[in-house]
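Q: Before I ask anything, here is the structure I am working with.
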Ligand code: F6P
C-alpha cells in the first residue's frame with residue numbers, strides 16, 4: 001500500500017504515555033500498527049509569535065511523527081475559538097452554547113493553511129492522506145489548492161447533527177463545501193452519515209442516487225459509517241492483570257463491601273455530568289435502602305479549561321457533588337467520590353472491572369469508548385451492567401446495555417436501581433450480547449475498512465460519474 005499520512009490536531013508523540021491517550025489517539029495508534037507512515041499534527045506547544053514556530057520530526061519503529069507549534073493567537077482562535085466554541089457545540093446539537101466570531105474563523109483557516117504548507121513539504125504523489133476531526137475540515141481544499149491530487153479521506157470522531165442545526169452556523173455553506181475536496185468522508189454512525197447526506201441534498205443540491213455517493217462539480221465524494229472501536233483483547237487483558245494491582249486492591253478495600261458505580265468522562269458539557277449527578281441524587285432519594293450500600297466513583301479529568309463554558313461546568317458539577325455528599329453522606333460514607341485526575345487506560349480497565357454499574361450517560365457523543373472499554377473489562381462470569389445513553393454512538397452497537405435518556409433523570413435513577421438488582425443470568429446475557437458486538441468490530445477493522453474503501457473509491461467512482469448527469 002502507498003504511504004499513509006494521517007493528520008489530526010492531537011498527535012500521540014512517542015514520548016507521551018500512550019495508555020493515557022484519548023479515543024482518537026488510541027484509534028490511530030492501532031492503524032499505524034498495520035500501516036506505518038507519517039502522523040502530522042499539533043505539538044501541543046504554544047509559542048509567542050509566528051517566528052518562533054518550529055516543526056519537528058521524530059522517528060520510531062519506522063513510524064514518523066511530524067509536529068508543529070501554534071502561536072498564542074492560533075491557540076485562542078483556532079483551538080479554543082472556532083474548533084471548540086463553535087464547531088464542537090454545534091456538532092453536539094448545542095446551538096445555545098456556540099459563540100461565533102469571524103476572527104476565530106480566520107484563525108481556524110490560518111492554522112489549516114499552515115498545516116497544508118507543512119504537509120506540502122513532505123507529500124509525495126501516491127501518498128494517501130487521512131484527515132481527522134472537526135479541527136481540520138478545510139485541509140483537503142488547502143492541499144488541492146497547492147496542486148495535490150492524492151486520495152484524501154476524512155473521519156469525523158464526533159456527531160454530525162441534522163441540516164436544521166448545521167445551517168445555523170454562519171457561513172456553513174462555505175465551510176462545509178470544503179468537504180467536497182475529500183474522496184471519502186467517514187462518520188461514527190449511520191445516523192450521522194444520513195444527516196450529512198440530507199444536508200448535501202437539501203442545502204447543497206448535490207446529485208446522488210443512493211445518498212452515499214455524490215457528484216460535486218467534477219469530483220465525486222463518498223460517505224460511509226465506520227464506527228470506531230477498541231482493542232478488545234488488550235483491554236480485557238489489562239482488566240484481568242489490573243485486578244491484582246495496588247490501585248484496584250486499595251479501591252476494593254475502601255468500598256467496604258459496598259457496590260460500586262463508575263463513570264469516567266472528560267469534563268465536558270456533552271458528557272451530561274450535571275444530569276447524571278441529578279439522577280444519582282434522585283436515586284438516593286427514591287431508593288433510600290441503597291444509602292451507604294453503594295459508592296459512586298466519578299473520574300473526570302479537566303479539559304479545555306480556558307473556555308468559559310468549561311470553567312462554568314467545572315464549578316457547577318463540583319457544587320452538585322458537594323450538595324449530594326452533604327445531603328446524603330454520613331461520617332463513614334461519601335456517596336460520590338469525584339476525582340479530577342486522569343488515569344492510564346490500563347488502570348481504568350481494572351476499575352471498570354470492579355464496577356457493578358458503568359454509568360455512561362452523555363447528552364450527545366460521537367461514539368464513547370468508555371462504554372466499550374467498560375464492557376471489555378468485565379469478568380464474563382460475573383459482569384457489571386452498562387447503563388448507556390441512547391445518544392451515544394456506542395448505543396447503536398452495544399445491544400446488551402440498558403439504554404436510557406439522560407435528560408429523563410427519574411428513569412436514569414430507576415435504571416441504577418434495576419442494574420444493581422439485576423440477576424446474574426440477565427447480567428451475563430446482556431454482557432455476552434454487547435461483547436459479541438465488540439468482537440465483531442474490533443479496532444483493527446476500523447482502519448482497514450476505511451482505508452480499503454478509500455483505495456477502492458477511484459475506480460468505482462469514475463464509473464459512477466460517467467453514468468450520472470452533472471449536478472444542477
Ligand atoms: O474525539 C473528539 C476530540 O476532540 C478529539 O479530537 C480529541 O483528541 C479529544 O476529543 C480530546 O479533546 P482535546 O484534544 O480538545 O483535549
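Q: Inside the range 203-217, can you point out the residues that are out of contact with any strand residue (DSSP E or B) (no Cβ under 7 Å at 6 or more places or on another chain) and without any contact (Cβ under 8 Å) to a residue 60 or more places away in the chain?
A: 203, 204, 210, 211
Q: Please determine, by comparing only the residues of the range 284-293 that are free of Cβ contacts under 8 Å to residues at least 60 places away in the same chain and either assigned to a loop (DSSP other than H, G, I, E, B) or not assigned by TED's automatic domain parsing to the domain that holds residue 258 (or both), which one is surrounded by the fewest Cβ atoms within 10 Å (Cβ to Cβ).
A: Residue satisfying both the conditions and the ranking: 293.
Q: Could you check the range 278-323 and list, in sequence order, the residues that are closer than 19 Å to residue 251 by Cα and out of contact with any helix residue (DSSP H, G or I) (no Cβ under 8 Å at 6 or more places or on another chain)?
A: Of everything in the range 278-323, those that are closer than 19 Å to residue 251 by Cα and out of contact with any helix residue (DSSP H, G or I) (no Cβ under 8 Å at 6 or more places or on another chain) turn out to be 292, 293, 301.
Q: Can you pull out every residue in the range 94-110 that is within 15 Å of the ligand (Cβ to nearest atom) and farther than 14 Å from residue 307 by Cβ?
A: Listed by number, the list holds a single entry, 108.
Q: Could you go through the range 395-414 and let me know if any residue there is within 16 Å of the ligand (Cβ to nearest atom) and either assigned to a helix (DSSP H, G or I) or touching a helix residue (DSSP H, G or I) at 6+ places or on another chain (Cβ under 9 Å) (or both). Spell out the reasoning first.
A: If we filter the range 395-414 for residues that are within 16 Å of the ligand (Cβ to nearest atom), which is where we start, we get none.
No, there is no match, as no residue in the range 395-414 is within 16 Å of the ligand (Cβ to nearest atom) and either assigned to a helix (DSSP H, G or I) or touching a helix residue (DSSP H, G or I) at 6+ places or on another chain (Cβ under 9 Å) (or both).
Q: Here's another thing I want to ask about it. Quick check: is even one residue across the range 267-281 farther than 30 Å from residue 207 by Cβ, in the same structural domain as residue 389 (by TED's automatic domain parsing), free of Cβ contacts under 8 Å to residues at least 40 places away in the same chain and within 16 Å of the ligand (Cβ to nearest atom)? Step through it out loud before you land on a result.
A: Keep residues of the range 267-281 that are farther than 30 Å from residue 207 by Cβ, which gives 267-281.
If we keep only those that are in the same structural domain as residue 389 (by TED's automatic domain parsing) as well, we get 267-281.
Okay, now just the ones that are also free of Cβ contacts under 8 Å to residues at least 40 places away in the same chain, so none.
Checked against the condition, which is being farther than 30 Å from residue 207 by Cβ, in the same structural domain as residue 389 (by TED's automatic domain parsing), free of Cβ contacts under 8 Å to residues at least 40 places away in the same chain and within 16 Å of the ligand (Cβ to nearest atom), the range 267-281 yields no hits at all.
Q: Report yes if residue 341 is out of contact with any helix residue (DSSP H, G or I) (no Cβ under 9 Å at 6 or more places or on another chain) and in a loop (DSSP other than H, G, I, E, B), otherwise no. Lay out the reasoning, then the answer.
A: Working: out of contact with any helix residue (DSSP H, G or I) (no Cβ under 9 Å at 6 or more places or on another chain): yes; in a loop (DSSP other than H, G, I, E, B): yes.
Taking the combined requirement at face value, the residue satisfies it.
Q: Hey, any hits in the range 242-257 for a residue that's in contact (Cβ under 8 Å) with a residue 40 or more places away in the chain, closer than 29 Å to residue 404 by Cα and crowded, with 22+ Cβ neighbours inside 10 Å?
A: There is no residue in the range 242-257 that is in contact (Cβ under 8 Å) with a residue 40 or more places away in the chain, closer than 29 Å to residue 404 by Cα and crowded, with 22+ Cβ neighbours inside 10 Å.
Q: Conditions first: (1) surrounded by 15 or more Cβ atoms within 10 Å (Cβ to Cβ); (2) modelled with pLDDT of 95 or more. Residue 231 passes all but one, so which condition is the exception?
A: (2)
Q: I've got another one for you. Which pairs do you get when a residue that is over 14 Å from residue 32 (Cα atoms), found in the range 45-70, comes within reach of a residue that is part of a loop (DSSP other than H, G, I, E, B), reach meaning Cβ atoms under 7 angstrom, with the pair 6+ apart or on two chains?
A: Pairs found: 47/53; 58/13; 58/14; 67/11; 67/13; 68/53; 69/53; 69/54.
Q: Within the range 77-89, is there a residue that is more than 14 Å from residue 304 (Cβ to Cβ), within 16 Å of the ligand (Cβ to nearest atom), within 25 Å of the chain's Cα centre (by Cα) and surrounded by 19 or more Cβ atoms within 10 Å (Cβ to Cβ)? Write out each step before concluding.
A: Of the range 77-89, the ones more than 14 Å from residue 304 (Cβ to Cβ) are 77.
Next, only the ones that are within 16 Å of the ligand (Cβ to nearest atom) stay: 77.
From the residues that got through so far, the ones that are within 25 Å of the chain's Cα centre (by Cα) too are 77.
Of the ones still in play, those that are also surrounded by 19 or more Cβ atoms within 10 Å (Cβ to Cβ) are 77.
Scanning the range 77-89, I find at least one residue that is more than 14 Å from residue 304 (Cβ to Cβ), within 16 Å of the ligand (Cβ to nearest atom), within 25 Å of the chain's Cα centre (by Cα) and surrounded by 19 or more Cβ atoms within 10 Å (Cβ to Cβ), so the answer is yes.
Q: Please list, ordered by first then second residue, the pairs with beta carbon atoms under 6 Å, 6 or more apart or interchain, first in the range 412-430 and in contact (Cβ under 8 Å) with a residue 24 or more places away in the chain, second in a helix (DSSP H, G or I).
A: 412/279; 413/279; 413/282; 413/283; 413/286; 416/283
Q: Still on this structure: Considering only the range 18-57, how many residues are more than 20 Å from residue 2 (Cβ to Cβ), surrounded by 14 or more Cβ atoms within 10 Å (Cβ to Cβ) and away from the ligand (no atom under 16 Å from the Cβ)?
A: 3
One line per residue, one yes/no per condition, for (1) within 19 Å of the chain's Cα centre (by Cα); (2) surrounded by 22 or more Cβ atoms within 10 Å (Cβ to Cβ); (3) closer than 20 Å to residue 235 by Cα:
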residue	(1), (2), (3)
330	no, no, no
335	no, yes, no
362	yes, yes, no
367	yes, yes, yes
376	yes, yes, yes
384	no, yes, yes
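Q: Does the range 11-32 contain any residue that is out of contact with any strand residue (DSSP E or B) (no Cβ under 8 Å at 6 or more places or on another chain), at pLDDT 95 or above and not in a loop (DSSP other than H, G, I, E, B)?
A: no
Residue-wise test of (1) modelled with pLDDT under 95; (2) surrounded by fewer than 18 Cβ atoms within 10 Å (Cβ to Cβ); (3) within 13 Å of the ligand (Cβ to nearest atom).
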site	(1), (2), (3)
120	no, yes, no
132	no, no, yes
138	no, no, no
145	no, yes, no
162	no, yes, no
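Q: Residue by residue through the range 258-283, note down the ones that are buried (at least 19 other Cβ atoms within 10 Å of the Cβ), in a loop (DSSP other than H, G, I, E, B) and out of contact with any strand residue (DSSP E or B) (no Cβ under 7 Å at 6 or more places or on another chain).
A: 265, 267, 268
Q: Same structure, new question: So, of the residues in the range 294-330 that are in a loop (DSSP other than H, G, I, E, B) and without any contact (Cβ under 8 Å) to a residue 40 or more places away in the chain, which turns out to be nearest to the ligand (Cβ to nearest atom)?
A: Pass one, the range 294-330, residues in a loop (DSSP other than H, G, I, E, B): 300-307, 329.
This time we only want the ones that are without any contact (Cβ under 8 Å) to a residue 40 or more places away in the chain, so: 302-303, 305, 329.
Numbers: 302: 10, 303: 5, 305: 10, 329: 32 Å.
Applying the filter and picking the extreme gives 303.
The values are calculated or read from the model by the stated rules, or taken from the named source; none is laboratory data. Worth saying up front: this structure is predicted, and the values here are computed from it rather than measured. As a convention, Cβ positions derive from the backbone with ideal geometry for all residues, glycine included, and neighbour counts pool all protein chains shown.
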